[in-house]
Amino acid sequence: MIQLFHVSKIYPPNIAALKDINLQIAKGELIFLAGPSGAGKTTLLKLLFREEDPSQGQLIIYGKDVSKLNSRGVARLRQQIGLVFQEFKFLPHMTALDNVALAALVTGVTRRESYTKAYQLLRDLGLREKYDARPPALSGGEQQRVAIARALMNDPMVVLADEPTGNLDANLADETMRLFRKIRERGTTIIVASHDLDLSQRYGTRVISLQEGDVVDDFSPLKEGRAG
Amino acid sequence: MKGSHFGLVGRRVCSSLWARLWTHVLTAGTMAIALFVFGALMLAQENLQNLLTGWGDQIQINAYLEKGLGPEEVSLLRDKIQSFPEVERVRHISREQAWKDFRAALGAHSNVLEGLPEDVLPASFEIFVKPTYRDGPIVEILANRLRKEKGLNIVEYPQEWVDRLSLVVLALQWAKWVLGGILFIAVFFIVRSTVGLAILAQKDEIEVMQLLGATEALIQAPFVVEGLIQGFIGAGLSVLGLWFLVLFLRDQTLTSIGLFGSLGQLQFIDWRSIALILALGSLLGASGSVFSLRRFMKRWKG
């Protein structure tokens, strides 16, 4: 369960990126954070993995107040969150396998275990032949799958994806979304930030619309109405 | 950090050292020079200290006789001095003996004496003090009493030299830390900059590791180890340099003029000093890294 109580984020001098946000996200939900650029989607994701601190309010992930975590607590939180970035954030001198395995290596998993699991994930995501390629040599879709494999390495409770389909064509975007739905079936909460409203509506999942830092709509088709 | 992290740290250290090999070599070289200067002062200090200890063990007074004293007068004077309670024994050095001793001390350079008359050096007494009277003030009082004796021209005792050399040793001790301190500060900033370069070069890697949940200790450990290795290698090189310096000096003038030759060979620094240099080098390297990391990590706080 992810809970946000009156969360605001104000950047100096006085730019409100998020204004008094209250949200409840259940375990295993697949959610779209929709809205135009500058709506506050990325800021919200950054608060969730503690890259930023809220200016006000409380943010609780699985019972832990995120803003009260010390540096070790932040590291532990991030080990339980899978991150997928629009620009992927790979280490270009490492192979796809190395990049994926690194996520487990930093948590203290042995090299053998990390690499075995990384290989299995890449294989499951259709990259059996590309595991030793360096990211720049991979296509956009392949890089996306490597990023997803890395996000799943530590069996995260939550996956946060920032514009994961931003660089992909329609087919690859659909493929990525199918992957997310599959991951969700394991009970993982997935939060996808996207400015592509069509995409979010097409998948019939809960959509939280943000505009200028405010939640302007929270629509959940499963509940056939407004979620609050 | 968990045990399995050591492999990751080791691989990151190796890859960073290899990627910026020449920068690391230059930094280690700079550290080696700074620690060499420090070690050379330490070497001088330790050897002078040994010299002083040697002198302290054989306290004697040299009393030079006036010209024209007959053998009987010399014998009487010798007996008188021998009767002083502080005196253990008195040895008479004739002019001829003094000349022979001097020639022997000059060794291969004794030819510089050619053309000089053999009675140019004065006769003297070597007065050995009893161990119980070897405290500085007592020897000084005895020397002053001897100066009043008729027939004695000049009275010298090594304590004067011990005092002067003690001042030199003290000066060296201060110079070692003052000059060493200045050099260490310079080296600290050089290491800090080198590690800063390494951190900047690995900025993306650090950012990715932070996002993947690497602890601060795991991110910082490779840089600290890198600094430690640089420092240790620099210190090792300086110790090696000092060893070659000692080998070189042992063959050179100092032994031939008899300064150290009479009191044993020029000594290499002892194991405690070697350990101190190695520890200082490692500490300098590691602290340079830690301060550099602090600066950058604050800036990139994830």
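A few points about this structure:
- Whenever a residue of segment B:265-291 is farther than 18 Å from B:Val13 by Cα, its partners that are outside any helix (DSSP H, G or I), lying with C-beta atoms within less than 7 angstrom and at least six residues away or across chains, give the pairs B:Leu266/B:Phe260.
- Contacts under 7 angstrom Cβ, first residue in segment B:1-15 being within 7 Å of another protein chain (Cβ to nearest Cβ), partner among the aliphatic types (A, V, I, L, M) and part of a helix (DSSP H, G or I), 6 or more apart: B:His5/B:Leu218; B:Leu8/A:Leu105
- Elements of the type helices (runs of 4 or more DSSP H) sitting completely within segment A:75-188 and holding at least 1 residues that are over 21 Å from B:Gly213 (Cβ atoms): these cover A:111-124, A:140-152, A:170-184.
- Any hit, segment B:98-109, residues being among the aromatic types (Phe, Trp, Tyr) and in contact with a Gly (Cβ under 6 Å, 6 or more places away or on another chain): no
- B:Gly181 meets the stated requirement of being under 30 Å from B:Ser287 (Cβ atoms) and assigned to a helix (DSSP H, G or I).
- In segment B:99-116, the condition of being in contact with a Lys or Arg (Cβ under 9 Å, 6 or more places away or on another chain) and either outside the structural domain of B:Asp251 (by TED's automatic domain parsing) or surrounded by 13 or more Cβ atoms within 10 Å (Cβ to Cβ) (or both) is met by at least one residue.
- Scanning segment B:17-26 for any residue that is within 14 Å of another protein chain (Cβ to nearest Cβ), of a type outside the set (Lys, Arg) and in a helix (DSSP H, G or I) turns up at least one such residue.
- Members of segment B:6-52 that are more than 18 Å from B:Gly196 (Cα to Cα) and either charged (D, E, K, R) or touching a strand residue (DSSP E or B) at 6+ places or on another chain (Cβ under 6 Å) (or both): B:Arg11, B:Glu46
- Within segment A:68-92, the set of residues being more than 7 Å from every other protein chain (Cβ to nearest Cβ) and small (Gly, Ala, Ser) comprises A:Gly73, A:Gly82.
- Scanning segment A:22-31 for residues that are under 16 Å from A:Ile81 (Cβ atoms) and in a loop (DSSP other than H, G, I, E, B) gives A:Lys27, A:Gly28, A:Glu29.
- Output for segment A:93-110, where each listed residue is hydrophobic (A, V, I, L, M, F, W, C) and either loosely packed, with under 15 Cβ neighbours inside 10 Å or more than 8 Å from every other protein chain (Cβ to nearest Cβ) (or both): A:Met94, A:Ala96, A:Leu97, A:Val100, A:Ala101, A:Ala104
- Segment A:189-222, residues that are touching a Ser or Thr at 6+ places or on another chain (Cβ under 9 Å) and assigned to a loop (DSSP other than H, G, I, E, B): A:His195, A:Asp196, A:Thr205, A:Gly213
- Test: residue in segment A:32-42 that is part of a helix (DSSP H, G or I), of a type in the set (Gly, Ala, Ser) and within 20 Å of A:Asp162 (Cβ to Cβ): no
- Residue list for segment B:208-254, restricted to those being in contact (Cβ under 8 Å) with a residue 60 or more places away in the chain, within 14 Å of another protein chain (Cβ to nearest Cβ) and of a type in the set (A, V, I, L, M): B:Leu211, B:Ala217, B:Leu218, B:Ile219, B:Ala221
- Exactly one residue out of A:Met153, A:Met157 is within 14 Å of another protein chain (Cβ to nearest Cβ) and either surrounded by fewer than 19 Cβ atoms within 10 Å (Cβ to Cβ) or acidic (Asp, Glu) (or both), and it is A:Met157.
- Just one of the listed residues (B:Val187, B:Val224) is assigned to a helix (DSSP H, G or I), in contact with a Leu (Cβ under 6 Å, 6 or more places away or on another chain) and assigned by TED's automatic domain parsing to the domain that holds B:Leu280, and it is B:Val187.
- When residues in segment A:82-130 are screened for being of a type in the set (Phe, Trp, Tyr) and within 21 Å of B:Arg12 (Cα to Cα), 2 of them pass.
- Some residue of segment A:15-22 being within 14 Å of chain B (Cβ to nearest Cβ), among the hydrophobic types (A, V, I, L, M, F, W, C) and without any contact (Cβ under 8 Å) to a residue 60 or more places away in the chain: no
- Cβ-Cβ contacts under 6 Å between residues 6 or more apart (or on different chains), taken from a first residue in segment A:190-219 that is of a type in the set (D, E, K, R) to a second residue that is at pLDDT 85 or above, are listed as A:Arg206/A:Ile31; A:Asp214/A:Lys19; A:Asp217/A:Ser209; A:Asp218/A:Ile208.
- Boolean, A:Thr95 is of a type in the set (Val, Ile, Thr), free of Cβ contacts under 8 Å to residues at least 24 places away in the same chain and farther than 22 Å from A:Ala34 by Cβ: no
- Subset tally (residues that are out of contact with any helix residue (DSSP H, G or I) (no Cβ under 9 Å at 6 or more places or on another chain), within 13 Å of chain B (Cβ to nearest Cβ) and either of a type in the set (S, T, N, Q) or without any contact (Cβ under 8 Å) to a residue 24 or more places away in the chain (or both)) for segment A:26-67: 1
- Note on segment A:106-150: among residues that are free of Cβ contacts under 8 Å to residues at least 40 places away in the same chain and hydroxyl-bearing (Ser, Thr, Tyr), the one that is farthest from A:Leu179 (Cα to Cα) is A:Thr110.
- Cβ-Cβ distances below 6 Å connect the following pairs, each with a first residue in segment B:128-151 that is among the hydroxyl-bearing types (Ser, Thr, Tyr) and assigned to a helix (DSSP H, G or I), a second residue that is at pLDDT 85 or above and surrounded by 12 or more Cβ atoms within 10 Å (Cβ to Cβ), and a separation of six or more residues or different chains: B:Tyr133/B:Glu86.
The values are calculated or read from the model by the stated rules, or taken from the named source; none is laboratory data. All values reported here derive from a predicted model rather than from experimental measurement. Ideal geometry is used to build each Cβ from the backbone, glycine not excepted, and the neighbour counts take in all protein chains shown.
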